[in-house]
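Beneath this line is the structure, given in structure tokens, with notes to follow.
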Amino acid sequence: MDAFSIQGGNRLSGTITVDGSKNASLPLLAATLLTDEAVVFEGVPNLSDIANMVRLLEELGCTATRVNSQIQIQSLDSSISHARYDIVRTMRASVCVLGPLLAKRGEVRVSMPGGCSFGDRPIDLHLRGLEALGAKIHLEGGDIVARCERLHGATIFLGGPFGSTVLGTANVMSAATLAKGKTIIESAACEPEITDLAKLLNAMGAKISGAGTPRITIEGVDQLGGASHTVMPDRIVAGTWAIAAAMTNGNVTIEKFPLDHLLAVTDVLSTVGVHVHQTDTSQDPVSCTVQVTSDRNLKPVMFTTQPFPGFPTDLQAQMMALLCLSKGNSIITEKIYPERFMHVPELSRMGARLVKQGSTVVVQGVDRLIGAPVMASDLRASASLIIAGLAAEGETIVSRVYHLDRGYEQMEKTLTALGAKIKRIDDTQVVDGLPIVDTVPAKKLVQPNS
């Protein structure tokens with residue numbers, strides 16, 4: 001199992017480019033099940049989650065051809081409708097195939113989804129929406145089984161206790177494209193990834209309006225065709241790079257930065273003392289070039305995670321790492337996944353002063369962080385620990401970085417290009433959280449009672 005070894009204290013500087021969005025790519029790839037024609041994507045990141053989704057599509061009768069960041073998917077065998085547990089358990093977004101399979105093939109069997117373990121994330125809203133479209137759904141052997149010869153349009157409310165559901169909106173919107181009649185999704189997710197999916201579906205022949213607003217209207221069509229689509233830049237990766245630059249008091253230029261999708265983040269960063277400046281105002285702010293710099297003394301801030309266009313929950317952990325070095329007390333409230341604080345004890349191991357109370361964490365700024373062995377628990381927590389390690393004194397060992405490979409393409413290479421001292425190691429090179437030094441015999445590192 002891989003780990004990262006980070007020698008902190010190096011300012012980041014240079015130029016990097018944001019990859020295509022993972023969170024957009026997964027439902028986009030699933031949408032290829034709605035047509036028998038080929039769909040070509042440009043800008044798909046090379047991540048383990050993407051590889052798992054492609055493997056799932058191949059099991060469902062699709063062919064996949066990848067050349068660099070371009071992928072072509074075509075559904076050739078419509079006789080298979082079972083998304084098996086072995087693949088689905090690796091990532092929650094596998095549930096995105098539910099709507100497309102049901103709409104196109106009339107039946108679907110999908111294992112209950114897996115993914116990061118930081119609290120309960122039920123899919124009842126997905127199922128409620130598909131049932132409103134006419135599906136008959138039941139649970140059998142840990143699988144969701146849904147059937148309907150032809151879906152029909154309906155007015156559906158998708159609001160939940162923590163706001164709208166992004167994957168649920170993607171599932172229902174995709175299924176409704178082939179339903180008979182008009183479908184209205186009220187309290188739909190407004191995230192840019194939903195807008196990107198609607199853009200692809202419309203290019204395939206769907207009739208969708210209102211994507212990006214709380215009310216989406218879909219006029220059902222009889223069939224969809226092939227299309228070509230460029231995936232939007234990853235706003236979470238972009239935000240992570242900006243926070244990493246600020247963490248090291250660096251000076252980094254970021255290309256294909258989705259500034260227009262990160263206004264809540266740049267607003268918080270501005271309050272803290274981090275400056276994200278668009279260098280060419282003639283560029284579309286959805287994908288532009290920015291320069292990230294920061295003040296020497298960071299200020300505390302209060303923020304709450306919210307559905308888009310609010311502060312994204314996927315950047316909460318990274319921002320917490322940055323605020324550990326601010327001058328004063330910051331307050332972070334998590335409204336999307338109230339239990340998403342598994343990085344708190346690990347940051348504390350590095351000298352952070354964090355007080356958790358329910359869905360809120362008080363961050364008491366410290367003068368410095370100290371390198372330590374820490375363990376990643378989920379994708380974004382992994383990123384926060386690496387960001388902390390970049391600024392910490394001494395060496396930080398981050399174990400279980402397979403979580404990180406789900407959402408960041410070779411992060412260590414990107415950070416190395418900016419001047420960080422980070423390398424990927426095998427965790428068999430680590431004993432009690434410390435790297436094995438080649439010149440020391442292994443037997444001297446074995447504990448007496450081991």
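The values are calculated or read from the model by the stated rules, or taken from the named source; none is laboratory data. Bear in mind the structure is a predicted one, so any value in this text is a computation, not a measurement. Methodologically, a virtual Cβ is constructed for each residue, glycine included, from the backbone with ideal geometry; neighbour enumeration extends over all protein chains shown.
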Test set (1) touching a His at 6+ places or on another chain (Cβ under 8 Å); (2) of a type in the set (Ser, Thr, Tyr); (3) loosely packed, with under 15 Cβ neighbours inside 10 Å - THR279 fails condition number: (1)
Residues that are touching a residue at least 60 places away in the same chain (Cβ under 8 Å) and part of a loop (DSSP other than H, G, I, E, B), drawn from the stretch 162-190: PHE162, THR177, LEU178, ALA179, ALA189, CYS190
How about the stretch 60-161: which helices (runs of 4 or more DSSP H) wholly inside it have at least 2 residues that are within 20 Å of VAL39 (Cα to Cα) and under 23 Å from the mean Cα position of the chain (by Cα)? 98-105
Selected residue (criterion: modelled with the lowest pLDDT) from residues of the stretch 354-383 that are within 19 Å of GLU395 (Cα to Cα) and not small (Gly, Ala, Ser): MET375
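From the list LEU390, LEU354, LEU385, pick out the single residue that is more than 21 Å from the chain's Cα centre (by Cα), buried (at least 18 other Cβ atoms within 10 Å of the Cβ) and assigned to a helix (DSSP H, G or I). Full working, then the answer.
Numbers: LEU354 fails: assigned to a helix (DSSP H, G or I); LEU385 fails: more than 21 Å from the chain's Cα centre (by Cα).
The unique qualifying residue is LEU390.
Mind checking whether some residue in the stretch 360-376 is of a type in the set (A, V, I, L, M), in contact with a strand residue (DSSP E or B) (Cβ under 8 Å, 6 or more places away or on another chain), surrounded by 24 or more Cβ atoms within 10 Å (Cβ to Cβ) and part of a loop (DSSP other than H, G, I, E, B)?
Yes, some residue in the stretch 360-376 is of a type in the set (A, V, I, L, M), in contact with a strand residue (DSSP E or B) (Cβ under 8 Å, 6 or more places away or on another chain), surrounded by 24 or more Cβ atoms within 10 Å (Cβ to Cβ) and part of a loop (DSSP other than H, G, I, E, B).
For ALA175, indicate whether it is within 20 Å of ALA31 (Cα to Cα), of a type in the set (A, V, I, L, M, F, W, C), crowded, with 23+ Cβ neighbours inside 10 Å and under 16 Å from the mean Cα position of the chain (by Cα). Walk me through it before giving the result.
Details: within 20 Å of ALA31 (Cα to Cα): yes; of a type in the set (A, V, I, L, M, F, W, C): yes; crowded, with 23+ Cβ neighbours inside 10 Å: yes; under 16 Å from the mean Cα position of the chain (by Cα): no.
For ALA175, the condition - within 20 Å of ALA31 (Cα to Cα), of a type in the set (A, V, I, L, M, F, W, C), crowded, with 23+ Cβ neighbours inside 10 Å and under 16 Å from the mean Cα position of the chain (by Cα) - is not met.
For the stretch 33-57, which positions are of a type outside the set (Gly, Ala, Ser), in a helix (DSSP H, G or I) and free of Cβ contacts under 8 Å to residues at least 60 places away in the same chain?
Here is the first cut: in the stretch 33-57, the residues of a type outside the set (Gly, Ala, Ser) are 33-37, 39-42, 44-47, 49-50, 52-57.
Then drop every residue that is not in a helix (DSSP H, G or I), which leaves 33-34, 49-50, 52-57.
Within the stretch 33-57, ILE50, ASN52, MET53, VAL54, ARG55, LEU56, LEU57 qualify.
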Scan of the stretch 24-50 for residues that are in contact with a helix residue (DSSP H, G or I) (Cβ under 9 Å, 6 or more places away or on another chain) and closer than 30 Å to ALA392 by Cα, ordered by number: PRO45, LEU47, SER48, ASP49
Taking the options VAL95, VAL39, VAL44, VAL54, name whichever one is closer than 26 Å to ALA206 by Cα, surrounded by fewer than 20 Cβ atoms within 10 Å (Cβ to Cβ) and among the β-branched types (Val, Ile, Thr). VAL54
Write out, first by first residue and then by second, each pair whose Cβ atoms fall under 6 Å of each other, whose residues are 6+ apart or on separate chains, and whose first residue, in the stretch 411-428, is farther than 16 Å from GLY8 by Cβ while the second is β-branched (Val, Ile, Thr) and buried (at least 16 other Cβ atoms within 10 Å of the Cβ). THR414/ILE16
Looking at the structure I just gave you, is VAL145 assigned by TED's automatic domain parsing to the domain that holds GLY61, in contact with a Phe, Trp or Tyr (Cβ under 9 Å, 6 or more places away or on another chain) and at pLDDT 85 or above? no
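Please work out if LEU224 is out of contact with any strand residue (DSSP E or B) (no Cβ under 9 Å at 6 or more places or on another chain), more than 30 Å from THR279 (Cα to Cα), aliphatic (A, V, I, L, M) and not assigned by TED's automatic domain parsing to the domain that holds GLN316.
On the way: out of contact with any strand residue (DSSP E or B) (no Cβ under 9 Å at 6 or more places or on another chain): yes; more than 30 Å from THR279 (Cα to Cα): yes; aliphatic (A, V, I, L, M): yes; not assigned by TED's automatic domain parsing to the domain that holds GLN316: yes.
Yes: the conditions hold for LEU224.
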Mind checking which pairs have a first residue in the stretch 121-143 that is surrounded by fewer than 18 Cβ atoms within 10 Å (Cβ to Cβ) and a second that is part of a helix (DSSP H, G or I), Cβ under 6 Å, 6 or more apart or different chains? ILE137/LEU127; ILE137/GLU131
Here is a check on your reading of the model: is ALA30 touching a residue at least 40 places away in the same chain (Cβ under 8 Å), farther than 30 Å from VAL252 by Cα, out of contact with any strand residue (DSSP E or B) (no Cβ under 7 Å at 6 or more places or on another chain) and crowded, with 20+ Cβ neighbours inside 10 Å? yes
Which pairs turn up if I take residues in the stretch 70-94 that are in the same structural domain as LEU57 (by TED's automatic domain parsing) and look for partners that are charged (D, E, K, R) and part of a loop (DSSP other than H, G, I, E, B) with beta carbon separation below 8 Å, at least 6 apart in sequence or on another chain? GLN74/ASP36; GLN74/GLU37; SER75/ASP36; LEU76/ASP36; SER78/ASP36; ARG92/ARG121
Failed criterion for THR65 (all others in (1) under 24 Å from ASP19 (Cα atoms); (2) surrounded by 14 or more Cβ atoms within 10 Å (Cβ to Cβ) hold): (2)
Subset of the stretch 282-306 (residues that are under 21 Å from the mean Cα position of the chain (by Cα) and surrounded by fewer than 20 Cβ atoms within 10 Å (Cβ to Cβ)): PRO285, VAL286, SER287, THR304, GLN306
